[in-house]
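**Student:** Before we start, here is the structure in question, set down as structure tokens.
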Amino acid sequence: MTWIECGPQHLDAIRGIFNEAIVNSTALYDYQPRSAEVMQAWWAAKQKGNHPVIGVVNDEGVLMGFASYGPFRHFPAYKYTVEHSVYVDSRFRGLGLGRQLLERIIQTAETNDFHAMIGVIDASNATSISLHERLGFERCGEMRQVGYKFGRWLDLVLYQKILSGPAAPIDG
């Protein structure tokens, strides 16, 4: 197992992981699998914002999972807050990769002087909620019936972790 900074060559594998989650879960509130063009735009936004995409590959070079973060909201005063995402390929779940990916993306956010990290999680995703709680995230909100997928209303829960940075935050 090797940790990597994902590059454009990983977009097809990332798209496959996203699309499996779209089709089979409420981890993403999308209906349609993502196209290569949508993934190119996603990648361009990550690059423009200087937002990392951390991955882990197995000995055969298969991307087992990835984690990233991006803006929480697009207003200037939120500049020290990020929203993260962690996805593990369904073939590699249950190996502790989600925890390792989340730990690494937290560490990256702290290194980059962010102050708060937000997780937006489907309320029925007990595995993700438990993982976040074990890593020090606190539940800070619930949004009831904000999504509709698989013939039912979906609730979101918000989890927050306060990070160590920045040492000298500034307005503006």
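Just so you know, all these numbers are worked out from the coordinates, no wet-lab data involved. Nothing here was measured: the structure is a model prediction, and the numbers come from that model. Counting neighbours? That spans all protein chains shown, and the Cβs are built from the backbone with ideal geometry, glycine included.
**Student:** Are any of the pairs Lys48/Lys79; Lys48/Lys161; Lys46/Lys149 more than 22 Å apart by Cα-Cα distance, and if so, which? Present the calculation step by step, with values, prior to reporting the outcome.
**Tutor:** Numbers: Lys48/Lys79 15 Å; Lys48/Lys161 25 Å; Lys46/Lys149 27 Å.
Beyond 22 Å between Cα atoms: Lys48/Lys161; Lys46/Lys149.
**Student:** Cβ under 14 Å from Ala168's Cβ, Ala168 left aside: what net charge do those residues give with Lys, Arg +1 and Asp, Glu -1?
**Tutor:** Numbers: positive: Lys79; negative: Asp113, Asp171.
Computed value for this residue: -1.
**Student:** Which of the three applies to region 129-172, rounded, prolate or oblate, going by the alpha-carbon gyration tensor with a ≥ b ≥ c and a/c under 1.5 meaning rounded?
**Tutor:** On the way: a/c = 4.19, a/b = 1.96, b/c = 2.13.
Taking the square roots of the gyration eigenvalues as a ≥ b ≥ c, region 129-172 is oblate.
**Student:** List the residues of region 46-79 whose backbone N lies under 17 Å from a point placed 7 Å from the Cα of Thr2 along the Cα-to-Cβ direction.
**Tutor:** 54-66
**Student:** How far apart, in nm, are two points set 7 Å out from the Cα along the Cα-to-Cβ line at Ile170 and at Val146?
**Tutor:** Using points 7 Å along Cα→Cβ, the separation is 3.2 nm.
**Student:** Follow-up question, since we're still on this one. Sort Met64, Met1, Met117 so that the residue with the fewest other Cβ atoms within 10 Å of its own Cβ comes first and the one with the most comes last.
**Tutor:** Working: Met64 20, Met1 11, Met117 25.
Lowest to highest Cβ neighbour count: Met1, Met64, Met117.
**Student:** Then there's this: Once both labels are modelled 7 Å past Cα along the beta-carbon direction, what's the Arg93-Val120 spacing in nm?
**Tutor:** 2.1 nm
**Student:** Based on DSSP, what percent of beta bridges with both residues in region 2-162 are antiparallel, to the nearest 5? Kindly include the intermediate steps, with their values, before the conclusion.
**Tutor:** Numbers: 31 of 34 bridges.
In region 2-162, DSSP labels about 90 percent of beta bridges as antiparallel.
**Student:** To make sure I understand, if each residue's beta carbon is the centre and we count other beta carbons within 10 Å, what order do His74, His84, His10 fall in, fewest to most?
**Tutor:** Values: His74 7, His84 25, His10 18.
By the 10 Å Cβ count, ascending: His74, His10, His84.
**Student:** Then there is this: What ranking of Asp89, Asp30 emerges when the number of other C-beta atoms within 10 Å of each C-beta is taken as an exposure proxy, fewest first?
**Tutor:** Values: Asp89 20, Asp30 14.
Ascending number of Cβ neighbours within 10 Å: Asp30, Asp89.
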